[in-house]
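Structure first, then comments.
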Amino acid sequence: MEISNLVNYENHINDKEQFALDVLNGLSRDEKMLSTKYFYDDKGSELFQKITKHEDYYLTRTEYEILKQANKEIANIISEDEVDIVELGAGDGHKSKLIIEGLLESGKTVNYYPIDISAEAMKQLEEVITPNENLQVHGVVAEYFEGLRYINERSRNRKLVLFLGSNIGNFNRHQSHYFLQHMWNGLEANDMALIGFDLKKDVEKLTAAYNDSSGYTKEFNLNLLERINKELGGNFEPENFQHVGIFNPKIGAMESYLLPKKDQSVYIKSLKKAFHFEAFEPLHLEYSFKYTKGDIETMCFDSGFQVAKHFTDKNEYFIDSLWRVVKA
Ligand code: AVJ
């Protein structure tokens, strides 16, 4: 497969500066926080893979089951014989493979453009999805919209954008609205998007998924402190922090925090600055928003799409919603 890497060396330096700046900003607030986009270094991606295979984390296997059932119907809803699939945050490609197979089995030609910020993830994907005479694969290592712009300059066919795994759940309502409008703006009338949403459900089920019994989620969160130590010369002591994952019904999201177990100061060399943590002062790391069917339909309509079909599982834990672009 062909791979275009849009993350050049110069950008890489900027990435590090951006990381330092985001850490400075996050730790200087009254309510301390760090951004989820820094979870996915090689160690973080590996831990996330472990989470997705864990019994307590129902999201990934539920979506896999949904797509295994839905792939034929998705292929039938798309009338064109040639389809360009653009995937935002492709990951390891197991779920994407189901969609691609559905299209190929219905006799279509597919050009698959996975976009992922991790070159490492792209290598894994190469092992899962192999090109053939009806399937071209062109990987793009880039941030979502940089990659989408690159692909738009090359693609001439009906597009299907995949944004799976409830990755959208890291965005709040405003951020997801902006994100979806940005996506809409890069698409043509009748192009389609398949978006994975984790549904609101029993709080114990949700809580278990973000506090898995093997402690992978905890490690995943603590890895962010280790990343700051490694890349920015910090001296966090991860064992001094407690992981907390709780559901906030007021905003409809799982929230994850690290709580310092005692008063402590952390020095970060690249910022030449110390940050003081009071015992149990929360450090916020992640939101994972959960949705009702109504929430999904409102978001769809408000950002210029119409629902072609919702695909769900027997427990109604998760929805993959297929949307069509509307342009006047
Ligand atoms: C990759 C954002 C969908 O929010 O469920 C898993 C990340 N965090 N366990 C999610 C995550 C803790 C995941 N997303």
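Can you tell me the length gained on complete extension of the stretch Gln242 to Lys309, counting 0.36 nm per residue apart and subtracting the Cα distance?
20.0 nm
Rounded to two decimals, what is the ratio between the C-alpha radius of gyration of the range 207-250 and 2.2 N^0.38 Å?
Against the compact-globule rule of thumb, the ratio is 1.34.
Based on alpha-carbon atoms only, what is the radius of gyration of the range 152-206 relative to the globular estimate 2.2 N^0.38 Å?
Relative to the rule-of-thumb radius for its length, the range 152-206 sits at 1.40.
Could you name the aspartates and glutamates whose alpha carbon sits less than 12 Å from that of Lys72, not counting residues in the same chain fewer than 8 places away?
Straight-line reach from Lys72, under 12 Å: Glu101, Glu105.
What full-extension length gain, to one decimal in nm, is calculated for Lys250 and Lys43 as 0.36 nm per residue of separation minus the Cα-Cα distance?
71.2 nm
Expressed as a whole number of Å, what is the distance separating the alpha-carbon centroids of the range 137-159 and the range 15-31?
Computed from Cα coordinates, the inter-centre distance equals 30 Å.
Calculated from DSSP H runs of 4 or more alone, at -39500 (n - 2.57) each and per residue, what is the 222 nm mean residue ellipticity of the chain, nearest 500?
-12500 deg cm²/dmol
Compute the distance in nm between two label points, each set 7 Å from the Cα along the Cα-to-Cβ direction, one at Leu21 and one at Met1.
Each label point lies 7 Å from its Cα, and together they span 3.2 nm.
Taking only the alpha carbons of the range 87-219, what extent do you get along each of the three principal axes, in Å, biggest first?
46, 34, 29 Å, listed from the longest principal axis down.
I want to verify a result. In a Gaussian network model of the chain, Cα cutoff 10 Å, which of these has the top mean-square fluctuation: Ala274, Ala75, Ala208?
Top of the fluctuation ranking is Ala274.
Pull up the cross-link candidates among the lysines for Lys273, meaning alpha carbon to alpha carbon under 24 Å and not fewer than 8 places away within one chain.
Once the sequence-local lysines are set aside, what remains near Lys273 is Lys16, Lys32, Lys37, Lys230, Lys261, Lys262.
From the residues Tyr216, Met183, Leu258, which one has its Cα farthest along the dipole of the range 157-299 in the positive direction, the dipole being from +1 and -1 charges on Cβ of Lys/Arg and Asp/Glu about the Cα centre?
Looking along the dipole axis, the top candidate is Met183.
So in the chain, what percent of DSSP beta bridges are antiparallel if you round to the nearest 5?
Taking every DSSP beta bridge within the chain, about 55 percent pair in antiparallel fashion.
Please compute the volume of the convex hull spanned by the alpha-carbon atoms of the range 91-154 and report it per residue in Å³.
Taking the convex hull of the Cα positions in the range 91-154, it is 78 Å³ per residue.
Could you compute Rg(Cα) / (2.2 N^0.38 Å) for the range 1-159, with N its residue count?
1.18
Probe radius 1.4 Å, ligands and nucleic acids left out: which of Ile319, Ile3 has the largest accessible area, and how do the rest follow?
Ranking Ile319, Ile3 by accessible area, largest first, yields Ile3, Ile319.
Over the Cα atoms of the range 177-328, compute the convex hull volume and normalise it per residue, giving Å³.
Each residue corresponds to 152 Å³ of Cα convex hull volume.
Using only Cα positions of the range 142-262, each an equal point scatterer, no hydration layer, compute I(q)/I(0) via Debye at q = 0.10, 0.12, 0.21 Å⁻¹ and quote the log10 values to two decimals.
Calculated log10 I(q)/I(0) at the listed q: -0.48, -0.67, -1.17.
Under the definition of Cα pairs under 8 Å and six or more residues apart, what whole-number percent is the relative contact order of the chain?
Result for the chain is 21 percent.
Based on the Cβ-Cβ distance from Glu278 to Asp56, what FRET efficiency comes out when R0 is 35 Å, to the nearest 0.05?
0.65
Which percent of Cα-Cα pairs in the chain sits in each 20 Å bin, short to long?
30, 58, 12, 0
How large is the Rg to Rh ratio of the range 48-102 when both quantities use alpha carbon positions and Rh follows Kirkwood?
Radius of gyration relative to Kirkwood radius: 1.03.
Rounded to the nearest 20 debye, what is the charge dipole size of the chain about its Cα centre when +1 sits on each Lys and Arg Cβ and -1 on each Asp and Glu Cβ?
Using only the charged Cβ atoms, the result is roughly 520 debye.
Taking the Cα-to-Cβ direction at Asn235 and at Asp30 and moving 7 Å from each Cα, how far apart do the two end points lie in nm?
3.1 nm
The values are calculated or read from the model by the stated rules, or taken from the named source; none is laboratory data. The structure presented is a predicted model; accordingly, all values stated were derived computationally and were not measured. Positions of Cβ are backbone-derived with ideal geometry, glycine not excepted, and every protein chain shown enters the neighbour counts. Areas reflect the complete protein model, heavy atoms only, side chains present, ligands, DNA and RNA absent. Shrake-Rupley method; radii C 1.70, N 1.55, O 1.52, S 1.80 Å.
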